[in-house]
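First comes the structure, then the notes that go with it.
The values are calculated or read from the model by the stated rules, or taken from the named source; none is laboratory data. These figures come from a predicted structure and were not determined experimentally. Neighbour counts run over all protein chains shown; Cβ positions are idealised from the backbone, glycine included. Just the protein is used for accessible areas: all its heavy atoms, side chains included, with ligands, DNA and RNA removed. Shrake-Rupley method; radii C 1.70, N 1.55, O 1.52, S 1.80 Å.
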Amino acid sequence: MDDHHLAWLALSELNLTFKQSSKLAQCYSNGAAILEHQKSDAIAAILNPRQCQHLANITSQKITVSLASQLQWIENNNALLLLYDDINYPDALKEIHQPPAFLWIQGRSSLLNEPSIAMVGARKATPNGMALAKTFAGNLGASGLTIVSGLALGIDGACHQGALDAQADTIAVLGSGLGHIYPAKHQPLAQRILAGAGLLVSPWPLMAKPLAYRFPERNRIISGLSLGVLVVEAALRSGSLITAKTALEQGREVFAIPSSVHNIQAQGCHQLIRNGALLVDQPQQILAELAPQLQPLVARYQPTESPNKEDYADITQELQILMRVFGYDPLPVDILCTQLAQPYNVVAAQLVELELLGLVRLTGSGYEKVF
């Protein structure tokens, strides 16, 4: 680590709020400058007395000595301290109010700047909710979106598993430190995410415990990283609704899956829908809604000039085959899958590509060709 990152390693141990770390980053261009001025009134106005004392203890000797155990853990686990001014810091997070000045990450950092969808829901999920989470995560992931969730029990875990089963990308944002995976039951899942070229993210000290106040802030990152948030199953009093609220504040789309009126775990979803969240019952609807923001996923199919609607020579052979299935009437996605003998996620991704090219459009009865 250079002096800048070493200084922020020390600062990351102070249990900073996002507001505090954001202010420090704005006031001082370099982490080392913060340590040089740690006894100033300006720093005292940002940090509380306990944090000031903790920082003084850490810097009473070389940081490489006082934080030797953390540095050893970082090396052993290939972790990285990502700062706001680092090139890989996610652009999407820079758009939210008071983003954290640092993130601890473990895994494939490039995922932080890939198109993603957040998926959240109840910890005490129903079997049907768990199955829906896996299905939606698998299909959306296979279509090119990175699945972002919180590694919690229930829906979160099912979303990560669904993405991994589809060999898709997934990011787990923790309510604890990277060195304290929570819940402990999901330690194997965290390892599977890393083995599958996924990513673990934490804005907390490396060994931070999963304290209650950390989770609402964790939820701000989950929604902040994503184009939208899908709530699979959520009770009326649920952290998932907090994530949906922060998503709206951040200008993200909010989707919700409906369920039986007798399902207590879905009442939060129904409330979201009443308040304006988009009701979805199949992954393709989310892809269609986000299509304008997904241009990077299909840029390789964009012709230099507008294609002739009856001449499909400029698109891939797979898309040409799909276009030939259309007649004059709209076709549901499941019918297209049957006629093409292709899985849902493949056809859904192709339809998004064709919609972006202006060759098909979504109607109430399915997709139709644009003549």
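Listed here are the residues, each with its yes/no results for (1) more than 16 Å from the chain's Cα centre (by Cα); (2) within 20 Å of Tyr89 (Cα to Cα).
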residue	(1), (2)
Ala168	no, no
Ala172	no, yes
His180	yes, no
Trp204	yes, yes
Met207	yes, no
Ala212	yes, no
Exercise. Can you tell me which residues in segment 207-238 are touching a helix residue (DSSP H, G or I) at 6+ places or on another chain (Cβ under 7 Å), assigned to a helix (DSSP H, G or I) and either basic (Lys, Arg) or surrounded by fewer than 22 Cβ atoms within 10 Å (Cβ to Cβ) (or both)?
Worked result: Phe215, Pro216, Glu217, Arg220
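Would you say Gly162 is free of Cβ contacts under 8 Å to residues at least 40 places away in the same chain and farther than 25 Å from Tyr89 by Cα?
Yes, satisfied.
The rows are residues; the columns are (1) under 27 Å from Gln20 (Cα atoms); (2) surrounded by 14 or more Cβ atoms within 10 Å (Cβ to Cβ); (3) touching a residue at least 40 places away in the same chain (Cβ under 8 Å).
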position	(1), (2), (3)
Ser69	yes, no, no
Leu80	yes, yes, no
Tyr84	yes, yes, yes
Asp91	yes, no, no
Leu103	yes, yes, yes
Gln106	yes, yes, yes
Met130	no, yes, no
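Conditions tested, residue by residue: (1) out of contact with any Leu (no Cβ under 9 Å at 6 or more places or on another chain); (2) farther than 20 Å from Leu140 by Cβ; (3) in contact (Cβ under 8 Å) with a residue 40 or more places away in the chain; (4) assigned to a strand (DSSP E or B).
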{"residue": "Phe255", "(1), (2), (3), (4)": "no, no, no, yes"}
{"residue": "Pro258", "(1), (2), (3), (4)": "no, no, no, no"}
{"residue": "His262", "(1), (2), (3), (4)": "yes, yes, no, no"}
{"residue": "Gln265", "(1), (2), (3), (4)": "yes, yes, yes, no"}
{"residue": "Leu272", "(1), (2), (3), (4)": "no, no, yes, no"}
{"residue": "Gly276", "(1), (2), (3), (4)": "no, yes, no, no"}
{"residue": "Glu289", "(1), (2), (3), (4)": "no, no, yes, no"}
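Only helices (runs of 4 or more DSSP H) wholly contained in segment 27-143 count here; list those with 3 or more residues that are within 29 Å of Ser238 (Cα to Cα). Working first, answer last.
On the way: elements: 31-36, 41-44, 49-58, 63-66, 68-77, 91-94, 127-142.
The helices (runs of 4 or more DSSP H) meeting that bar are 91-94, 127-142.
Let's see how each residue does on (1) surrounded by fewer than 17 Cβ atoms within 10 Å (Cβ to Cβ); (2) more than 26 Å from Ile155 (Cβ to Cβ); (3) under 30 Å from the mean Cα position of the chain (by Cα); (4) at pLDDT below 80:
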{"position": "Gly268", "(1), (2), (3), (4)": "no, no, yes, no"}
{"position": "Glu305", "(1), (2), (3), (4)": "yes, yes, no, yes"}
{"position": "Asn308", "(1), (2), (3), (4)": "yes, yes, no, yes"}
{"position": "Leu322", "(1), (2), (3), (4)": "no, yes, no, no"}
Exercise. If you check Ile34 against the conditions, is it touching a Phe, Trp or Tyr at 6+ places or on another chain (Cβ under 8 Å) and surrounded by 12 or more Cβ atoms within 10 Å (Cβ to Cβ)?
Worked result: yes
Seminar exercise, completed: Here the residues within segment 190-206 that are open to solvent by 10 Å² or more (accessible area, probe 1.4 Å) and either of a type in the set (Asp, Glu) or part of a helix (DSSP H, G or I) (or both) are Gln191, Arg192, Leu194, Ala195
Exercise. How do the pairs read when you match residues in segment 27-48 that are within 22 Å of Gln98 (Cβ to Cβ) with residues anywhere that are in a loop (DSSP other than H, G, I, E, B) and open to solvent by 60 Å² or more (accessible area, probe 1.4 Å), using Cβ under 6 Å and keeping only pairs 6 or more apart or on different chains?
Worked result: Ile43/His37
Exercise. Going by the structure shown, is Asp156 in contact with a Ser or Thr (Cβ under 8 Å, 6 or more places away or on another chain), in contact (Cβ under 8 Å) with a residue 24 or more places away in the chain, closer than 16 Å to Arg192 by Cα and open to solvent by 20 Å² or more (accessible area, probe 1.4 Å)?
Worked result: no
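Listed residues Ser116, Ser143; which is buried (at least 21 other Cβ atoms within 10 Å of the Cβ), out of contact with any strand residue (DSSP E or B) (no Cβ under 9 Å at 6 or more places or on another chain) and within 30 Å of Gln342 (Cα to Cα)? It would help to see each step written out before you state the result.
On the way: Ser116 fails: out of contact with any strand residue (DSSP E or B) (no Cβ under 9 Å at 6 or more places or on another chain).
None of the others qualify; the one that does is Ser143.
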